[in-house]
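Enquirer: I have a structure here, written as structure tokens, and I will follow up with some questions on it.
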């Protein structure tokens, strides 16, 4: 599907970063966009910007951890539009630091947003999409970290993103058994200029993660800084839509570093290293 004019697109985590880039690109293609987030300020900016450009945009505050809220979103979208052609289960957060020092609250927040947010989107939207009589695609946001080996201080994040990658492979295989033209893709961003390393801003102050060592803080600041020099969310979204039009399952930015690293990890697995 390369003609997106008048089609319907739902994006979770649309208040900033990759989600904002996807929402803006979809709107520029003439799609009816429903953008959701818990970041109300980011959503307001998205709605204001696209509204001024005459784009079709609706923003709704939705916490993807809340299955009833996601179900209500799906009910609303299908009541208003009757179909969804693109669903981006994109909302995500990042908690870093030593695995054994992260609180269960940190671990649960990571899994509730990154994994159960995707699960809630699948459970609420996919049955309706299968029944809509039109083609559609579910795009779940994992990460290159969801394909590579575990890195120091990245336990909660990479564990959840590996889960999303496996879940999306399963979803694609299951959808292939259905007669309805609904398919899936796994989106695996790398260095994109987002605020993912500042996810703590979305949590109440008492719940925010505190890094316990200088090495953890240096890692956090270094990687956060590197991301700011990465690809813009807008440019990334252009590539994502090109991959969707090409019917790709794995949407992974072409990177010599990524190829080299995943080949090395695969050799380690085969060699038991």
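Enquirer: Taking the options 53, 80, 102, name whichever one is touching a residue at least 24 places away in the same chain (Cβ under 8 Å), over 23 Å from residue 241 (Cα atoms) and either surrounded by fewer than 18 Cβ atoms within 10 Å (Cβ to Cβ) or over 16 Å from the mean Cα position of the chain (by Cα) (or both). Walk me through how you get there before you give the answer.
Expert: Values: 53 fails: over 23 Å from residue 241 (Cα atoms); 80 fails: touching a residue at least 24 places away in the same chain (Cβ under 8 Å).
Among 53, 80, 102, only 102 is touching a residue at least 24 places away in the same chain (Cβ under 8 Å), over 23 Å from residue 241 (Cα atoms) and either surrounded by fewer than 18 Cβ atoms within 10 Å (Cβ to Cβ) or over 16 Å from the mean Cα position of the chain (by Cα) (or both).
Enquirer: Considering each residue of segment 1-17, count those that are buried (at least 22 other Cβ atoms within 10 Å of the Cβ) and either over 16 Å from the mean Cα position of the chain (by Cα) or part of a loop (DSSP other than H, G, I, E, B) (or both), and give that number. Working first, answer last.
Expert: Step one: list which residues in segment 1-17 are buried (at least 22 other Cβ atoms within 10 Å of the Cβ), which gives 8-17.
Imposing the further condition that a residue be either over 16 Å from the mean Cα position of the chain (by Cα) or part of a loop (DSSP other than H, G, I, E, B) (or both) reduces the set to 8, 13-16.
Counting residues in segment 1-17 that are buried (at least 22 other Cβ atoms within 10 Å of the Cβ) and either over 16 Å from the mean Cα position of the chain (by Cα) or part of a loop (DSSP other than H, G, I, E, B) (or both) gives 5.
Enquirer: Let me ask something additional. Within segment 106-121, can you find the residues that are modelled with pLDDT of 95 or more, assigned to a helix (DSSP H, G or I) and out of contact with any strand residue (DSSP E or B) (no Cβ under 8 Å at 6 or more places or on another chain)?
Expert: Residues of segment 106-121 that are modelled with pLDDT of 95 or more, as a first pass: 107-121.
Among the residues that remain, those that are also assigned to a helix (DSSP H, G or I) are: 107-114, 116-121.
Listed by number, the residues that qualify are 107, 108, 109, 110, 111, 112, 113, 114, 116, 119, 120.
Enquirer: Is it the case, given these coordinates, that residue 43 is at pLDDT 95 or above, crowded, with 18+ Cβ neighbours inside 10 Å and over 30 Å from residue 154 (Cα atoms)?
Expert: Details: at pLDDT 95 or above: yes; crowded, with 18+ Cβ neighbours inside 10 Å: yes; over 30 Å from residue 154 (Cα atoms): no.
No: the conditions fail for residue 43.
Enquirer: What's the number of the condition residue 139 fails, among (1) more than 24 Å from residue 79 (Cβ to Cβ); (2) crowded, with 19+ Cβ neighbours inside 10 Å?
Expert: (1) is the only condition that residue 139 fails.
Enquirer: So, of the residues in segment 18-29 that are touching a residue at least 40 places away in the same chain (Cβ under 8 Å) and crowded, with 24+ Cβ neighbours inside 10 Å, which turns out to be farthest from residue 40 (Cα to Cα)? Talk me through it step by step, then tell me what you get.
Expert: At the first step, the residues of segment 18-29 found to be touching a residue at least 40 places away in the same chain (Cβ under 8 Å) are 18-22, 24-26, 29.
Next, from what is left, pick out any that are crowded, with 24+ Cβ neighbours inside 10 Å: 18-22, 26.
Working: 18: 16, 19: 14, 20: 13, 21: 16, 22: 17, 26: 20 Å.
Filtering segment 18-29 for residues that are touching a residue at least 40 places away in the same chain (Cβ under 8 Å) and crowded, with 24+ Cβ neighbours inside 10 Å, the one farthest from residue 40 (Cα to Cα) comes out as 26.
Enquirer: Quick check on this structure: which one of 125, 153 is surrounded by 19 or more Cβ atoms within 10 Å (Cβ to Cβ) and at positive phi?
Expert: Numbers: 125 fails: at positive phi.
Going through 125, 153 in turn, just one is surrounded by 19 or more Cβ atoms within 10 Å (Cβ to Cβ) and at positive phi: 153.
Enquirer: With the condition kept exactly as written, say whether any residue in segment 216-238 is within 21 Å of residue 148 (Cα to Cα), in contact with a strand residue (DSSP E or B) (Cβ under 6 Å, 6 or more places away or on another chain) and assigned to a loop (DSSP other than H, G, I, E, B).
Expert: Checked against the condition, which is being within 21 Å of residue 148 (Cα to Cα), in contact with a strand residue (DSSP E or B) (Cβ under 6 Å, 6 or more places away or on another chain) and assigned to a loop (DSSP other than H, G, I, E, B), segment 216-238 yields at least one hit.
Enquirer: Would segment 52-60 turn up any residue that is at positive phi and part of a loop (DSSP other than H, G, I, E, B)? Spell out the reasoning first.
Expert: Just the residues of segment 52-60 that are at positive phi, to begin with: 54.
Those still in the list that are part of a loop (DSSP other than H, G, I, E, B) too: 54.
Checked against the condition, which is being at positive phi and part of a loop (DSSP other than H, G, I, E, B), segment 52-60 yields at least one hit.
Enquirer: Mind counting the residues in segment 177-192 that are modelled with pLDDT under 95 and outside any strand (DSSP E or B)? Before you say what the answer is, go through the steps one by one.
Expert: Restricting attention to segment 177-192, the residues satisfying the condition of being modelled with pLDDT under 95 are 190-192.
Retained after the next criterion (residues that are outside any strand (DSSP E or B)): 190-191.
Of the residues in that region, 2 qualify.
Enquirer: For residue 214, all conditions in the list (1) touching a helix residue (DSSP H, G or I) at 6+ places or on another chain (Cβ under 6 Å); (2) farther than 22 Å from residue 90 by Cβ hold save one; what is the number of the exception?
Expert: Single failed check for residue 214: (1).
Enquirer: Considering segment 122-156 alone, what residues qualify as being part of a helix (DSSP H, G or I), touching a helix residue (DSSP H, G or I) at 6+ places or on another chain (Cβ under 6 Å) and touching a residue at least 40 places away in the same chain (Cβ under 8 Å)?
Expert: Keep residues of segment 122-156 that are part of a helix (DSSP H, G or I), which gives 122-131, 144-146, 155-156.
Filter again for touching a helix residue (DSSP H, G or I) at 6+ places or on another chain (Cβ under 6 Å), leaving 124-125, 128, 144-146, 155-156.
Those that are part of a helix (DSSP H, G or I), touching a helix residue (DSSP H, G or I) at 6+ places or on another chain (Cβ under 6 Å) and touching a residue at least 40 places away in the same chain (Cβ under 8 Å): 124, 125, 128, 144, 146, 155, 156.
The values are calculated or read from the model by the stated rules, or taken from the named source; none is laboratory data. All values reported here derive from a predicted model rather than from experimental measurement. Because the Cβ atoms are built from the backbone with ideal geometry, glycine has one as well, and the counts that use them run over all protein chains shown.
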